[in-house]
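Undergrad: I'd like to ask some things about the structure below.
Throughout, read-outs are computed from the coordinates displayed, never taken from laboratory work. No experiment lies behind these values; they were computed from the predicted model shown. A quick note on method: Cβ atoms are made from the backbone with ideal geometry, for glycine too, and the neighbour counts reach across all protein chains shown.
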Amino acid sequence: MVELAEPEHAPGLPLLADGELKVAPSVLSADFGALGTEIAKIAGVTDWLHLDVMDGHFVPNITIGPPVVTSIRKCTRMFFDCHLMMTDPGEYLEAFRDAGANSCSVHVEVGETESLCAEMRRLGIGVGLVLNPQTPYEAVAPYLHLVDLLLVMTVHPGFGSQSFIADVMEKLGHAREQAEREGLHVTLQVDGGIDERTAPVAARAGARCFVAGSAVFHSSDPAETVRRIHAAASAAISPGE
Ligand code: DX5
Ligand code: ZN
């Protein structure tokens, strides 16, 4: 077992250090019957794991809940980045925290954003906010100062293996400008269709955390794929590019 991350996120600290890039493999595309083995494949090359929670209501698919998070917490100390595709995330935030979530991200489309952010802050977990491809940037702008992470969906949520929607890149630009203007440390994350080819596009637009499901877990060498996505994103924003 590789031990890279502390299980608790310190409130008020940025999730990523300045200049840091992170690949967060999504276990949605892993073998759910062998999660411990699947996670071990990538635990040496990244310390973030993206957990997709789908309630069959906010999205037309159902995945995992707190009991599964509790189980996989026993096999790794990686940072658990929980993406809650749920109509009623407020009912479950504490259960996810108790199960071992380090951060939770709630969708702006479900409303109650301010109180959900306050509740995540109270629970001592990272505060994440997500917006879908069809949701305009203006929907999240009033809450940017409340969050640690903004997840700009690069596919319509619900399923893995969809194609990257490049049109949403302009939202990353808006977020970057607003964060700079207001002096905020917000990690910009992208999720959906991320691979070696698309991560550089998102990196140039301002993303620093790259969720990748099928590209990683459907590859013959998941660790090498994580390394390659990281390297491609990093090269895209290195001086001289
Ligand atoms: C989709 C999920 C993603 C999913 C991405 O609703 O939020 O995290 O795992 O899968 P890929 O990387 O295959 O597009
Ligand atoms: Zn996700």
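Undergrad: By the gyration tensor of its Cα atoms, with a ≥ b ≥ c the square roots of the eigenvalues, what is the shape of the range 13-63: rounded for a/c under 1.5, prolate for a/b over b/c, or oblate?
TA: Oblate, because a/c is 1.5 or more while a/b does not exceed b/c.
Undergrad: Let me ask you something else. At a Cα cut-off below 13 Å, give the aspartates and glutamates reachable from residue 41, other chains included and same-chain residues fewer than 8 away excluded.
TA: Filter leaves 31, 221, 224.
Undergrad: Provide Rg and Dmax in Å for the chain, with only Cα atoms included in the calculation.
TA: So, for the chain, Rg and Dmax equal 16.1, 48 Å respectively.
Undergrad: Just to be sure I understand the model, the point goes 7 Å from the Cα along the line to the Cβ. What's the resulting residue 17 to residue 181 distance in nm?
TA: Distance between label points: 3.1 nm.
Undergrad: By how many nm would the segment from residue 231 to residue 122 grow when fully extended, if each residue of separation counts as 0.36 nm and the alpha-carbon distance is taken off? List each step's numbers first, then the result.
TA: Details: separation 109, 0.36 × 109 = 39.24 nm, distance 3.57 nm.
Separation in residues times 0.36 nm, less the Cα-Cα distance, equals 35.7 nm.
Undergrad: Out of all DSSP beta bridges in the range 46-129, what portion is antiparallel? Express it as a percent rounded to 5.
TA: Once the DSSP bridges in the range 46-129 are tallied, antiparallel ones form about 5 percent.
Undergrad: Moving to a separate point now. Taking H as built 1.01 Å from N, whose amide H comes closer than 5 Å to the amide H of residue 86, not counting residues under 5 places away?
TA: 107
Undergrad: Need one word for the range 133-217: rounded, prolate or oblate. Basis is the Cα gyration tensor (sqrt eigenvalues a ≥ b ≥ c); a/c below 1.5 gives rounded, then a/b vs b/c decides. Spell out each step's value before the answer.
TA: Values: a/c = 2.02, a/b = 1.73, b/c = 1.17.
Because a/c hits 1.5 or more and a/b exceeds b/c, the range 133-217 counts as prolate.
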